[in-house]
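The values are calculated or read from the model by the stated rules, or taken from the named source; none is laboratory data. Nothing here was measured: the structure is a model prediction, and the numbers come from that model. Counting neighbours? That spans all protein chains shown, and the Cβs are built from the backbone with ideal geometry, glycine included.
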Amino acid sequence: MKKTINGFTLIELILTIVLISLVITVSVNMMTFANRTHRITVDEYDLQSAIRLAAESTNNIVRYSKAVFAVPDTFVNYASNMDSGWNYFMVSSDRKKIVRMEYDADTDSHLEVVVVPERPNILYEMTFAKDETANSDSVMKFEIIAMIVDNDQNVIDKKVEISSVVESVNAMQIVDKGSAVSPAVALAFRSDGQTQGQGKNQIAYVTIIIDVSGSMNKSPEGEGYNNVEDVNAKIKHVRKALTGDDDENGIINQFSEEENVFVSLVPFSSTANYPEPTEYTTGTERHLIFEPYKATDEQTLINTANAIIASGGTNTGDALRQAYYLHQDFRTRMNIPIETQVYHYMIMLVDGETTYEIRTGNYVDNGWYRFYDDRTISSGNERYYYDDYRWRNSWDFSSTGYYSERGNISDFTPTSKPYNLISEILVDSWRTGRRNNYVYHYQYERYYGEKADDSYGYDRTGDGNTIINPSQYVNTIGALIESSSDPIKSYIIGYGTDLSTHIDSIGSAIGTDEDKIYAYDDEGFNLQEVFRNIANDIMADFWLLTGPQIN
């Protein structure tokens, strides 16, 4: 049989080629799309992984660091700006990595540790802020953003972000140094609990003024005697609040956690003299200044606090006077450089109202006066009668002046400045006569002397029992404290019943905020808790004043 074999026509060939090309094109496009989808999926997964890692690092830093500050770009835009002793968690300057800048004490520099490594076409942003809506000062909110960019660093409409909050379990509080204009973009943190910035040194000086008058031997309810320490004596509770016990720390232990806090203890009763507030002294010694961060100073301060005993009256103004000059002279005594900022705090505990003051007086010159003396001298049949003239000199403490100078109070005797007298006897001859067979003469002594210079002195007034209210001495020293060039923030504790009016008047004199005045009559009053709250308040306030600085 004859078979017919037909070939492809040109049209069929062209159609076949077109069809095959179409199939190949569609297939390639499908493969390309699949690859692109896979790449986008992988990129998004990488972004999710990156920000999860960054969020985990943020949580760990905030939770477990003992000091955490959120800081703006100016603190970290250059490595040279970063403060010694502080570590930083931040986005790198090129925005391609998330890093931790760890401080190396040996080289006094910050070393970069990569937390989230660089990935192609990905940039990062982070912001931090204290959560003001939380009921705690230790809650921080943060946002981390990862973005896909093209080769020209333009952001593609694809980004991954996470927002969260975290609460610290070790830091006293979270401090946000950012603002609406310059938000915080990094965390400054450290694990040793210190908050001092080395870039601009900051120091706190705290005077703890303790009433050790005899009534501190009584219980808080007033039971017991002034001269015998009761089993529940207030002075015992004060020692415990200062030094702590096996169960909890005292305020001295709390301050010892900060290397840049200095403390002086100022006990007072009849005076605020150092070292004995019940005795006069002519010494030039002054209350000591301790650095509780140093173990030896901490122990010495604790020993000093445990050794205080109660005796004498209450001279509140003198306690404030001594504390005021401790603050005024602190920088000089401790050789603090002028570039170091010093912040001043005063804590005062009283258990009763003022019963002593230190008043100033003037040396009064009242001239000659006639003093009739009964002296007679007989010689043979002559008898001499004397009219005695003397010079009147005395001290007047009835004015309203109060002692406001430095130093201890010495035992001042108002008659301690007599004239240097020279005596001369003159005979008044015209009064010579005869009486009872005696020839009599009236004579007088005339005293000449150098007139004393106008002098200024002081004397302790009050009897230790009678209440002086209001105390102008307290007001006088309070005016000095209020006008101090270095402001002194103060706290007052009234450790006795019915003292609210008294401690309010002291607070008014020295400028104490109402929320920093504590009274024994307040509901739930606990002395150790009060001291602990005051220490926490000072430390929190000081954290805001210190923290990382810009070198």
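So which residues in region 480-507 are in contact (Cβ under 8 Å) with a residue 12 or more places away in the chain and in a helix (DSSP H, G or I)? Outline the logic, then answer.
Taking region 480-507 first, the residues in contact (Cβ under 8 Å) with a residue 12 or more places away in the chain are 480-482, 484, 486-500, 502-507.
Listed by number, the residues that qualify are Leu480, Ile481, Glu482, Ser500, His502, Ile503, Asp504, Ser505, Ile506, Gly507.
Filter region 489-499 down to residues that are modelled with pLDDT of 95 or more and touching a Gly at 6+ places or on another chain (Cβ under 8 Å) and give me whichever is surrounded by the fewest Cβ atoms within 10 Å (Cβ to Cβ).
Ile492
A quick yes/no check of all residues on (1) within 29 Å of the chain's Cα centre (by Cα); (2) at pLDDT 90 or above; (3) in the same structural domain as Glu339 (by TED's automatic domain parsing):
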| residue | (1), (2), (3) |
| --- | --- |
| Ile122 | no, no, no |
| Thr127 | no, yes, no |
| Lys141 | yes, yes, no |
| Ala146 | no, no, no |
| Val160 | no, no, no |
| Asn170 | yes, no, no |
| Gln173 | yes, no, no |
| Pro183 | yes, yes, no |
| Gln196 | yes, no, no |
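Working carefully through the options Ser256, Ser219, find the one that is buried (at least 20 other Cβ atoms within 10 Å of the Cβ), in the same structural domain as Asn315 (by TED's automatic domain parsing) and of a type in the set (Ser, Thr, Tyr). Steps first, please.
Working: Ser219 fails: buried (at least 20 other Cβ atoms within 10 Å of the Cβ).
Exactly one of Ser256, Ser219 is buried (at least 20 other Cβ atoms within 10 Å of the Cβ), in the same structural domain as Asn315 (by TED's automatic domain parsing) and of a type in the set (Ser, Thr, Tyr), namely Ser256.
Residues of region 520-537 being surrounded by 16 or more Cβ atoms within 10 Å (Cβ to Cβ) and under 21 Å from the mean Cα position of the chain (by Cα), which ones?
Here is the first cut: in region 520-537, the residues surrounded by 16 or more Cβ atoms within 10 Å (Cβ to Cβ) are 520, 527-528, 530-532, 534-535.
Scanning region 520-537 gives Leu527, Gln528, Val530, Phe531, Arg532, Ile534, Ala535.
Pull up region 204-247, narrow it to residues that are within 23 Å of the chain's Cα centre (by Cα) and in a strand (DSSP E or B), then point me to the one that is modelled with the lowest pLDDT.
So the residue we want is Ala204.
Being modelled with pLDDT of 65 or more and either in a helix (DSSP H, G or I) or loosely packed, with under 10 Cβ neighbours inside 10 Å (or both) is the requirement here; does Ile40 meet it?
no
Condition first: touching a helix residue (DSSP H, G or I) at 6+ places or on another chain (Cβ under 8 Å) and in a loop (DSSP other than H, G, I, E, B). Now tell me which residues in region 129-152 satisfy that.
Asp137
Select from region 143-178 the residues that are loosely packed, with under 13 Cβ neighbours inside 10 Å and of a type in the set (D, E, K, R) and list them in ascending order.
Asp150, Asp152, Asp157, Glu161, listed by residue number.
Determine, yes or no, whether Thr74 is in contact (Cβ under 8 Å) with a residue 12 or more places away in the chain, part of a helix (DSSP H, G or I), closer than 19 Å to Ala184 by Cβ and of a type in the set (S, T, N, Q).
Details: in contact (Cβ under 8 Å) with a residue 12 or more places away in the chain: yes; part of a helix (DSSP H, G or I): yes; closer than 19 Å to Ala184 by Cβ: yes; of a type in the set (S, T, N, Q): yes.
The answer is yes for Thr74.
Could you tell me which of the residues Leu265, Leu288 is at pLDDT 95 or above, aliphatic (A, V, I, L, M), surrounded by fewer than 18 Cβ atoms within 10 Å (Cβ to Cβ) and in the same structural domain as Pro487 (by TED's automatic domain parsing)?
Of Leu265, Leu288, the one residue that is at pLDDT 95 or above, aliphatic (A, V, I, L, M), surrounded by fewer than 18 Cβ atoms within 10 Å (Cβ to Cβ) and in the same structural domain as Pro487 (by TED's automatic domain parsing) is Leu288.
Taking Ile477 as the residue in question, decide whether it is assigned to a helix (DSSP H, G or I), modelled with pLDDT of 95 or more and among the hydrophobic types (A, V, I, L, M, F, W, C).
Numbers: assigned to a helix (DSSP H, G or I): yes; modelled with pLDDT of 95 or more: yes; among the hydrophobic types (A, V, I, L, M, F, W, C): yes.
So Ile477 fits the description; yes.
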